[in-house]
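What follows is a single structure, written as structure tokens, with notes after it.
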Amino acid sequence: MKVPLQITVLNVPHSATLESRVLKMAEKLEKFHARIVSCRVGIEELRRHRSRGRLFHVRVDLRIPGKELVSNHRHNKDPYLALRDAFLSLRRQLEDVARVARGKVKRRTRPERAARRARP
């Protein structure tokens, strides 16, 4: 990945597989937008309770020229699922930005009803 990637892990034991999964998912994002400036990933375990289980929170901040995209997801059993959901959400956001840049988004015109009301 050409983009500087910063991974922060809090209250979770450091895992090489978790880090490699983040690298793999971040590399996939380059297919959707070639000019990614930076990517920050934060993985945190919010609670660890005997009866309620564990709660993982993943936040991904991605910067492209002119925008900053953010995705937050929580999952109560697995940090990998929260990571997957956060990156899928970010991928959809990147696809939307690319669609707007290409001009593939329909421009909204005034609805006919509102146009009739606007006339005296």
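With Cα atoms as the point set, the radius of gyration and Dmax of segment 5-118 evaluate to 18.6, 63 Å.
Counting Lys and Arg as +1 and Asp and Glu as -1 over every other residue whose Cβ lies under 13 Å from the Cβ of residue 89, the net charge comes to +1.
Couplings for segment 80-93, taken from phi via the Karplus curve 6.51 cos²θ - 1.76 cosθ + 1.60 with θ = phi - 60°, read 5, 5, 5, 5, 4, 5, 5, 6, 5, 5, 5, 5, 4, 5 Hz in order; Gly and Pro are left as x. Near residue 78: Cβ cut-off under 13 Å, other residues only, Lys/Arg at +1 and Asp/Glu at -1. The net charge is +3. Placing unit charges on the Cβ atoms only, positive for Lys and Arg and negative for Asp and Glu, gives segment 5-118 a dipole magnitude near 840 debye about its Cα centre. Here residue 77 is the anchor, and the lysines within straight C-alpha reach of less than 24 Å, apart from those fewer than 8 places off in the same chain, are 24. Near residue 37, the amide H atoms lying under 5 Å from its own belong to 63, 64; only residues 5 or more places off or on other chains count, and H is placed 1.01 Å from N.
Every number in this text was worked out from the coordinates using simple rules, so none of it is lab data. Computed from a prediction, not measured in an experiment: that's the story for all the values here. Using ideal geometry, Cβ is built from the backbone for each residue, glycine included, and neighbour counts are taken over all protein chains shown.
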